[in-house]
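See below for the structure under consideration.
The values are calculated or read from the model by the stated rules, or taken from the named source; none is laboratory data. Because the structure is predicted, anything quoted here is derived from the model rather than measured. Glycine gets a Cβ as well: all are built from the backbone with ideal geometry, and neighbour counts include every protein chain shown. Ligands, DNA and RNA are stripped out before the accessible areas are found, and what is left, the full protein with its side chains, is counted by its heavy atoms. Shrake-Rupley method; radii C 1.70, N 1.55, O 1.52, S 1.80 Å.
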Amino acid sequence: MFLSRIYYWIAYFIVLICEIIKSTASMCVLIFKGDKYDPQIINIETKLKREISQTFLANSITLTPGTLTVDIDTENQILKVAVITPRDAKDVIPFEPYIKGMFE
């Protein structure tokens, strides 16, 4: 049990760092090309049930450039996320399975 949680922690940090790098590069290209922004607020349903898991996911989303978690509905397991450019909900939370393995 303990070793599997360590695996999820290590995998989470690797995925988070990769996502931060990808998002930073994407935002730099967007800024330097001068493309127009299309900010939106999207609702993302999560499988995470515990509040700590949802909070950890919300903070991870906020760390990624171009996204910001605005609200967490813990009862309905929904996150409201502001994005600069339109994205699919699954592209915003690629680290959800790792957080589930760490906390649930």
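Tabulated values for the structure
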item	result
Failed criterion for Phe103 (all others in (1) open to solvent by less than 70 Å² (accessible area, probe 1.4 Å); (2) under 14 Å from the mean Cα position of the chain (by Cα) hold)	(2)
Check on Thr55, among the polar types (S, T, N, Q), surrounded by 12 or more Cβ atoms within 10 Å (Cβ to Cβ), assigned to a strand (DSSP E or B) and without any contact (Cβ under 8 Å) to a residue 60 or more places away in the chain	no
Residue check, Lys33 basic (Lys, Arg) and modelled with pLDDT of 95 or more	no
All positions within region 58-98 that are in a helix (DSSP H, G or I), open to solvent by less than 70 Å² (accessible area, probe 1.4 Å) and either under 19 Å from Ile21 (Cβ atoms) or of a type outside the set (A, V, I, L, M, F, W, C) (or both)	Ser60, Ile61, Thr62, Val92, Glu96, Tyr98
Residue among Lys49, Lys36 that is open to solvent by 30 Å² or more (accessible area, probe 1.4 Å), within 19 Å of Glu104 (Cβ to Cβ) and in a loop (DSSP other than H, G, I, E, B)	Lys49
Region 44-93: number of residues that are touching an Asp or Glu at 6+ places or on another chain (Cβ under 7 Å) and on the phi < 0 side of the Ramachandran plot	13
